[in-house]
Amino acid sequence: MRWSRTLLATLRDAPQDAEIESHKLMIRAGLMRKLGGGLYTFMPLGLRVLHKIETIVREEMDRAGAVEILMPALQPAELWEKSGRWATMGAGMFRLKDRKEAMMTLGPTHEEVVTDLITREISSYRQLPLTVYQIQTKFRDEIRPRFGLMRSKEFLMKDAYSFDVSLEAADASYQAMFDAYVRIFARCGLSAKPVEADTGDIGGNCSHEFMVLAPSGEDGILDCAACGYAANQERAERRTPAPACVVSGGAAADAATPGSRTIEEVAAFLKMPQARIVKALVYMADGKPVMVLIAGDRELNEPKLKRFLACKTLVMATDAEMAAAAGPAGFAGPVGVQIPVYADLGLKGACDMIAGANRDGFHLLHVDLGRDAVVAAYEDLATVVAGDSCPRCGGELGLRRGIEVGHVFKLGTKYTQAFDSRYLDEKGKNELMVMGCYGIGVSRTLQAVIEQNHDENGILWPASIAPYHVTLLLLDPGDPAVVEAAGRLEAELEARGVDVFVDDREERPGVKFKDADLVGFPIRVVAGAKSLAKGGFEVKRREEKDSLVVAPEATVQTVLTLLGKA
RNA sequence: CGGAGCGUAGCGCAGCCUGGUAGCGCGUUUGGUUCGGGACCAAAAGGUCGAGGGUUCAAAUCCCUCCGCUCCGACCA
């Protein structure tokens, strides 16, 4: 390909709405352009990278025994009503009507469609196990699309679904996908770490996320250097610490705290650590109020609470809901009577605490949890933070940021029950299939590669997914000898399966060097009157500083060697 | 959804407070000089100043409404 014949414009400045380096570089290097919030057009070079990632994904899915299908993005609402997710998915789904007023959705995922399909197609244990996959556009009405392809309203996803005769068989299918994911990300030049994860809206009982460690990542990851435990912050557990105080301070008593509303203000006003304050939060779980108590210096982990309560929806109660459901919801009397109260494990046995008095301008001192509250259960409900103890070995946990590029789930029978997906076993009995589902954000993976592989001059593509392996800079496009030699090299490289991008523009050398670095081709070959006078082409790897002059007849071999193809 | 900030040429920005000819850099076009790490000179094209309404002799500038983009988000609950 020649630069002059494709659609590629590099930018000196990044658009003002690009926040993170990979997003800026994708725009500056001309890989994509923005249409609107969370919507992007892939330009020729960006699309080539996307296709190369897809190829790796297909090869590894096929190798793992999965078969490719393609399902509709536009789906009837009735399928989603069947699984119950029409109601529980909330505003994240795009919903629309067709001309007959029938409700439809632009699929955010495909468990419903695939389960419906497989229920019709599979009737015998002889057809199992079966894993199907597709690479397809997904639609999600994100609250806040951001960071370019990291969180967009429309994105390319590889989703796979396994169907098995038993939990044990499903474990094997899960492991096969897990292993395939490890290979896929490695082949894309990514260092991705599998961590224990929350299952969220998808459901099921076990899942791992593949995380690309990067400071710009949207997810927190707790990991233990001692034993290797690693989990998403949404799910991570901790060894329960002792409460801030276990000695009673006597009877509870009011204290005036004028103007102090937040935990910070109350702690500062009373000159007490935040850990001595009891934070009381009221949530509506499937429409019913519950109160949660947690130490003032900790944050409640909503996914954990949701899992513990086994509820479908969980939102903070509004003022009106609290007034209607519980009346005063503070420590004005023994709490736990009006509505169920759950407390974080870190508060078990806590004494001499400070709590809201349910009166403006006042707090309660000397609160003993065991005496002044009726706690239905103590549970691990806090968000784990750096410095907490590892739940496995007690070591100190560290906190890092990560980008979720893949997620594998064991679904059990959540969907096969809803769709009554059965097969006939060898004894002629009708049994439910056991499912797993497996996703890779293909477009997000592309950007994650850039996030992990760039320097101050631009992108550093791994050869496996680079838009082109080699950029051939024509420094003297008017010199027939240069054009002739470069043309021959281009043809020979292409014949050996090397993708070559020729910069044939009428530009000064400096501009071409800068652009070659920005776009990030793994290998740069310079063809110019100067280099030919020195004895041939100058060959340089993107990440290295110095080039070497290679005789024209040896250049193809040199490039192949550098690419690891020879 | 709530709070804050920003919408001026393809990209990055100034001008707005204090109303009076719409500007700068990069990019683009033409001509010339250059030519190995984002050259220089000269000329030019390119704008409904996010949209609509209002105030005014006069609005990018002041006021109102809406739209879009970006950042932030629970704490006697």
Of the residues that make up segment A:536-550, is at least one away from RNA strand B (no atom under 12 Å from the Cβ) and touching a residue at least 40 places away in the same chain (Cβ under 8 Å)?
no
Those residues of segment A:297-313 which are at pLDDT 80 or above and either more than 10 Å from RNA strand B (Cβ to nearest atom) or open to solvent by 60 Å² or more (accessible area, probe 1.4 Å) (or both) amount to A:ASP297, A:GLU299, A:GLU302, A:PRO303, A:LYS304, A:LYS306, A:ARG307, A:PHE308, A:LEU309, A:ALA310, A:CYS311
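What are the residues in segment A:408-422 that are open to solvent by less than 20 Å² (accessible area, probe 1.4 Å) and part of a strand (DSSP E or B), if any?
The initial filter retains those residues of segment A:408-422 that are open to solvent by less than 20 Å² (accessible area, probe 1.4 Å), namely A:408-409, A:411-412, A:415-416, A:419, A:421.
Once the filter is applied, which keeps residues that are open to solvent by less than 20 Å² (accessible area, probe 1.4 Å) and part of a strand (DSSP E or B), segment A:408-422 yields A:VAL408, A:PHE409, A:LEU411, A:GLY412.
I need the full set of residues from segment A:106-126 which are buried (at least 18 other Cβ atoms within 10 Å of the Cβ) and either in contact with a helix residue (DSSP H, G or I) (Cβ under 6 Å, 6 or more places away or on another chain) or of a type in the set (Asp, Glu) (or both), in order please.
First, pick out the residues of segment A:106-126 that are buried (at least 18 other Cβ atoms within 10 Å of the Cβ): A:106-116, A:118-119, A:122, A:125.
Across segment A:106-126, the qualifying residues are A:GLU111, A:GLU112, A:THR115, A:ASP116.
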Of the residues in segment A:551-566 that are in contact (Cβ under 8 Å) with a residue 60 or more places away in the chain and open to solvent by less than 40 Å² (accessible area, probe 1.4 Å), the one that is farthest from RNA strand B (Cβ to nearest atom) is A:LEU560
A:LEU475 vs (1) within 15 Å of RNA strand B (Cβ to nearest atom); (2) closer than 30 Å to A:ILE53 by Cα; (3) open to solvent by 10 Å² or more (accessible area, probe 1.4 Å): all pass except (2)
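Residue-wise test of (1) within 12 Å of RNA strand B (Cβ to nearest atom); (2) surrounded by fewer than 17 Cβ atoms within 10 Å (Cβ to Cβ).
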residue	(1), (2)
A:GLU237	no, no
A:ALA242	no, yes
A:CYS245	no, no
A:ASP254	yes, yes
A:PRO258	yes, yes
A:THR262	yes, yes
A:GLU265	yes, yes
A:MET272	no, no
A:ALA275	yes, no
Restricting attention to segment A:455-472, does a residue exist that is surrounded by fewer than 16 Cβ atoms within 10 Å (Cβ to Cβ) and in a loop (DSSP other than H, G, I, E, B)?
yes
Residue hits (segment A:342-361; without any contact (Cβ under 8 Å) to a residue 60 or more places away in the chain and either surrounded by 19 or more Cβ atoms within 10 Å (Cβ to Cβ) or more than 6 Å from RNA strand B (Cβ to nearest atom) (or both)) are A:TYR342, A:ALA343, A:ASP344
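Return the residues of segment A:365-394 that are part of a strand (DSSP E or B), modelled with pLDDT of 85 or more and of a type in the set (A, V, I, L, M, F, W, C); say none if nothing qualifies. Steps first, answer last, please.
Initially, segment A:365-394 is screened for residues part of a strand (DSSP E or B), giving A:365-367, A:373, A:377-379, A:382, A:389.
Still in the running and modelled with pLDDT of 85 or more: A:365-367, A:377-379, A:382, A:389.
The answer is A:LEU365, A:VAL367, A:ALA377, A:ALA382.
Being more than 13 Å from RNA strand B (Cβ to nearest atom), charged (D, E, K, R) and buried (at least 17 other Cβ atoms within 10 Å of the Cβ): is that true of A:ARG85 here? Full working, then the answer.
Numbers: more than 13 Å from RNA strand B (Cβ to nearest atom): yes; charged (D, E, K, R): yes; buried (at least 17 other Cβ atoms within 10 Å of the Cβ): yes.
Answer is yes for this residue.
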Note on segment A:35-64: residues within 16 Å of RNA strand B (Cβ to nearest atom) and touching a residue at least 40 places away in the same chain (Cβ under 8 Å) are A:GLY37, A:GLY38, A:LEU39, A:TYR40, A:LEU45
Within segment A:366-395, of all residues that are over 22 Å from the mean Cα position of the chain (by Cα) and within 30 Å of A:ILE20 (Cα to Cα), the one least open to solvent (accessible area, probe 1.4 Å) is A:ASP388
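Somewhere in segment A:108-124, is a residue over 30 Å from A:PRO215 (Cβ atoms), part of a loop (DSSP other than H, G, I, E, B) and in contact with an Asp or Glu (Cβ under 6 Å, 6 or more places away or on another chain)?
First, pick out the residues of segment A:108-124 that are over 30 Å from A:PRO215 (Cβ atoms): A:110-124.
Pick out the ones that are also part of a loop (DSSP other than H, G, I, E, B) and you get A:110, A:122-123.
Restricting the remaining residues to those that are in contact with an Asp or Glu (Cβ under 6 Å, 6 or more places away or on another chain) gives A:110.
Checked segment A:108-124: at least one residue is over 30 Å from A:PRO215 (Cβ atoms), part of a loop (DSSP other than H, G, I, E, B) and in contact with an Asp or Glu (Cβ under 6 Å, 6 or more places away or on another chain).
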Looking across segment A:13-30 at residues that are more than 9 Å from RNA strand B (Cβ to nearest atom) and more than 19 Å from the chain's Cα centre (by Cα), the single one that is farthest from A:ASP455 (Cα to Cα) is A:GLY30
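How do the strands (runs of 3 or more DSSP E) wholly within segment A:512-566 filter down when requiring 3 or more residues that are not aliphatic (A, V, I, L, M): which remain?
Numbers: elements: A:523-527, A:537-541, A:548-550.
Those strands (runs of 3 or more DSSP E) span A:537-541.
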(request) Return a yes/no flag: does segment A:173-183 have any residue that is touching a strand residue (DSSP E or B) at 6+ places or on another chain (Cβ under 7 Å), surrounded by 20 or more Cβ atoms within 10 Å (Cβ to Cβ), in contact (Cβ under 8 Å) with a residue 60 or more places away in the chain and not in a helix (DSSP H, G or I). (result) no
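The values are calculated or read from the model by the stated rules, or taken from the named source; none is laboratory data. Everything numeric here is computed off the predicted structure, so don't read it as measured data. Ideal geometry is used to build each Cβ from the backbone, glycine not excepted, and the neighbour counts take in all protein chains shown. All accessible areas refer to the heavy atoms of the entire protein, side chains included, with ligands and DNA or RNA removed. Shrake-Rupley method; radii C 1.70, N 1.55, O 1.52, S 1.80 Å.
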